[in-house]
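Only one structure is covered here, and it is reproduced in the block below.
The values are calculated or read from the model by the stated rules, or taken from the named source; none is laboratory data. All values reported here derive from a predicted model rather than from experimental measurement. Cβ atoms come from the backbone with ideal geometry, glycine included; neighbour counts cover every protein chain shown. Keep in mind that these areas ignore ligands, DNA and RNA; they rest on the heavy atoms of the full protein, side chains included. Shrake-Rupley method; radii C 1.70, N 1.55, O 1.52, S 1.80 Å.
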Amino acid sequence: MGSHTGRRVTSGVTRFAPGSLSAEGQPSWEQVSAYAKTYGDSFYVFNGSRLRENFARLTAAFTARYPDTRIAYSYKTNYTPAICKVVDEMGGYAEVVSEMEYDLARRLGISGQRIIYNGPYKSFGSVRNALYAGAIVNLDSIRDYTSVMSVAADAPERTFSVGLRCNFAVTEDCTSRFGFDTNGSEFPGVIDGIRASRNVSLSGLHCHFPNRDLASFRSRTLQMLDIARRVFPSPPAFLNLGGGFFGEMPESMQHTYKIKPPDFTQYAETICDLLSSAYATRRRKPVLYIEPGTALVADTQKFYTTVISLKNIKGRRIATVAGSIFNISPHSRVRHLPVRVISSRGGNAAPGIAEKYDIAGYTCIEDDYLTRGLSGPLSVGDFLEYRNVGSYSIVMKPPFILPNVPILEISEERGEISVIRHGESPANLFESFSGLVRRS
């Protein structure tokens, strides 16, 4: 087997024989093993076609009911540049929440007018750059407001428009820490300050909450419409309802939620019907922005990892793998992800022990388990395939104990493998530290 990070492949694209490891299929042990020898004992596979399908379905669901809908992809969910490029190619906007993400969008060639800049910590320089580029900057705090007014004061010959992030009770048990309390004193004060400015205008309102159920989306839509009526004498240029949408998921995962996850059509009906009704008599309607992340990318990646050892401790069978819970779960909690054993025994081998195994990661953390009670048989050298790992697992994986692993995009049609993120090496990790002694 290869190392954990695998050999660094200098070329971005490698040719392979059709029928190898596809993003959609059920690869054999021989097929996965061939890639492990090159790319390491653990790696991800990204499915660009699935992302395109998700984006198209979500767009169709909303624009069929409210044509002036724009999809802004949440970079923080998975800012792999290849993913961000697909969204841009599909006509999506970039929703960024930091200077780092804003800079990434610009480096990818995304125009400022197609960037929404949110988040609680925006550097002054990035606010200035975003305003000058024509991005939608949604103010989260007095700090953001002060930054915008300072930029405007230094450029009286230019005009800028901004949005305000609204904080209200979307449910009784949800008190967000973001945005301006719409019932507090700062909210009207900021609005008055913007209106008193000669070159800053308020174009719209933004909100985002973690709740994913339809009732919460109905609540946030109704309250945003009410706030808009109070703030704007005529419809605003935009209303941004944020993200928090469920995406496609297998039934094994649906059972872990208290509600049945809504589909894209149900979300669209809930939100768009309210907007259409509110502005039915208006010739000019606000643009609706939504900011999906998980809904677009959760099911676009798989994670492959090798079984490296088996042990029996006081009757518990434990299989240690070359991956970690941090590779598949953003909050290091077991999430009952769909998992498939790819056996090195093949179909003709004698059956192994069929007991259940706890799948343990490579870290030295006691509760680093990827799966509890996975049905065997298992052997050293088998692979496990985890699905639905495209959301947050890449961006929140720390370089803890071992570096990050590669991400591959495999095209059966072209017979190509693209390495869209190389596996990290120790040199990548430690070059920013001082005090290293160089080898002679």
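Just a few scattered comments:
One line per residue, one yes/no per condition, for (1) more than 23 Å from the chain's Cα centre (by Cα); (2) more than 30 Å from M149 (Cα to Cα); (3) not aliphatic (A, V, I, L, M):
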| site | (1), (2), (3) |
| --- | --- |
| T159 | yes, no, yes |
| V170 | no, no, no |
| D173 | yes, yes, yes |
| T182 | yes, no, yes |
| S197 | yes, no, yes |
| F217 | no, yes, yes |
| I227 | yes, no, no |
| N240 | no, no, yes |
| G244 | no, yes, yes |
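- V32 falls short of the stated requirement of being among the β-branched types (V, I, T) and under 17 Å from the mean Cα position of the chain (by Cα).
- Y39 meets each of the listed conditions (1) in contact (Cβ under 8 Å) with a residue 60 or more places away in the chain; (2) more than 19 Å from S411 (Cα to Cα); (3) of a type in the set (S, T, Y) apart from (2).
- Test result for S126, free of Cβ contacts under 8 Å to residues at least 60 places away in the same chain and either surrounded by 20 or more Cβ atoms within 10 Å (Cβ to Cβ) or over 23 Å from L408 (Cβ atoms) (or both): yes
- Here the range 83-101 is the region considered, the condition is being out of contact with any strand residue (DSSP E or B) (no Cβ under 6 Å at 6 or more places or on another chain) and part of a loop (DSSP other than H, G, I, E, B), and the residue that is surrounded by the most Cβ atoms within 10 Å (Cβ to Cβ) is V97.
- Test: residue in the range 358-378 that is among the charged types (D, E, K, R) and under 20 Å from the mean Cα position of the chain (by Cα): no
- For the range 71-80, the condition of being out of contact with any Pro (no Cβ under 7 Å at 6 or more places or on another chain), over 29 Å from I417 (Cβ atoms) and crowded, with 16+ Cβ neighbours inside 10 Å holds for at least one residue.
To keep it simple, each residue is scored yes or no on (1) among the aliphatic types (A, V, I, L, M); (2) modelled with pLDDT under 95.
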site: A354; (1), (2): yes, yes
site: I359; (1), (2): yes, no
site: T363; (1), (2): no, no
site: R372; (1), (2): no, yes
site: P377; (1), (2): no, yes
site: D382; (1), (2): no, no
site: Y386; (1), (2): no, no
site: G390; (1), (2): no, yes
site: S393; (1), (2): no, yes
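- Residues in the range 170-194 that are crowded, with 16+ Cβ neighbours inside 10 Å and not in a helix (DSSP H, G or I): V170, S176, F178, G179, F180, T182.
- Output for the range 163-187, where each listed residue is at pLDDT 95 or above, under 29 Å from Q113 (Cβ atoms) and out of contact with any Lys or Arg (no Cβ under 7 Å at 6 or more places or on another chain): G163, L164, R165, C166, N167, F168, T182, E186, F187
- For the range 210-236, a residue qualifies if it is closer than 16 Å to I290 by Cα, surrounded by fewer than 18 Cβ atoms within 10 Å (Cβ to Cβ) and of a type in the set (G, A, S), and exactly one does: S216.
- Pick from the range 40-65, criterion of a type in the set (S, T, Y) and open to solvent by 10 Å² or more (accessible area, probe 1.4 Å), ranking: nearest to L288 (Cα to Cα): T63
- Candidates in the range 110-128 are the residues that are outside any helix (DSSP H, G or I) and over 20 Å from the mean Cα position of the chain (by Cα); of these, the one that is farthest from S176 (Cα to Cα) is S111.
- Filtered residues of the range 129-164 (kept if part of a helix (DSSP H, G or I), closer than 19 Å to F178 by Cβ and open to solvent by less than 30 Å² (accessible area, probe 1.4 Å)): A130, D144, S147, V148
- Residue selection: T5 satisfies the criterion of being β-branched (V, I, T), open to solvent by 10 Å² or more (accessible area, probe 1.4 Å) and at pLDDT below 95.
- Filter result (of a type in the set (D, E, K, R), under 30 Å from G48 (Cβ atoms) and not in a loop (DSSP other than H, G, I, E, B)) within the range 361-406: E385, R387
- Condition met for S277 (free of Cβ contacts under 8 Å to residues at least 24 places away in the same chain and either small (G, A, S) or surrounded by 18 or more Cβ atoms within 10 Å (Cβ to Cβ) (or both)): yes
- Residue count for the range 374-392, restricted to those that are buried (at least 24 other Cβ atoms within 10 Å of the Cβ) and under 18 Å from G423 (Cα atoms): 2
- Residues that are open to solvent by 10 Å² or more (accessible area, probe 1.4 Å), closer than 14 Å to I342 by Cα and part of a helix (DSSP H, G or I) within the range 23-39 comprise W29, E30, Q31, A34, Y35, listed in sequence order.
- Top-ranked residue of the range 300-325 - restricted to ones that are at negative phi and small (G, A, S), ranked as most open to solvent (accessible area, probe 1.4 Å): S309
- Of residues in the range 207-231 being of a type in the set (D, E, K, R) and in a loop (DSSP other than H, G, I, E, B), the one modelled with the highest pLDDT: D213
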